[in-house]
Amino acid sequence: MVELTEREKDVLKLIAEELTTQEIADKLFISHHTVETHRKNLISKLNVRNTAGLVKYAVHQGLVD
């Protein structure tokens, strides 16, 4: 299994909860650009093709309901 940082897990959970990039940035007190960087890193790290792949991974790993 791939090791994710706590911040990556936070971003992944919020993506799976359908929050927009700006909503995630506001909630985590980080910039819009930082959220996009985390998203791109997650896609690469988890070897998925897009945001839908991230959501699928989060659900399968039990990170979201």
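The values are calculated or read from the model by the stated rules, or taken from the named source; none is laboratory data. Being a predicted model, the structure only gives us computed values, none of them experimental. Note that each Cβ is placed from the backbone with ideal geometry, even for glycine, and that neighbours are counted across all protein chains shown.
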Legend entry - Residue check, Asp26 over 20 Å from Asp65 (Cα atoms), assigned to a helix (DSSP H, G or I) and either in contact with a Pro (Cβ under 6 Å, 6 or more places away or on another chain) or at pLDDT 95 or above (or both): yes
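So, in segment 38-65, exactly how many residues are assigned to a helix (DSSP H, G or I), free of Cβ contacts under 8 Å to residues at least 24 places away in the same chain and loosely packed, with under 13 Cβ neighbours inside 10 Å?
Pass one, segment 38-65, residues assigned to a helix (DSSP H, G or I): 38-45, 51-60.
Going one step further and asking which of them are free of Cβ contacts under 8 Å to residues at least 24 places away in the same chain, we end up with 40, 43-44, 52-53, 56, 60.
Then drop every residue that is not loosely packed, with under 13 Cβ neighbours inside 10 Å, which leaves 40, 44, 52, 60.
Matching residues across segment 38-65 total 4.
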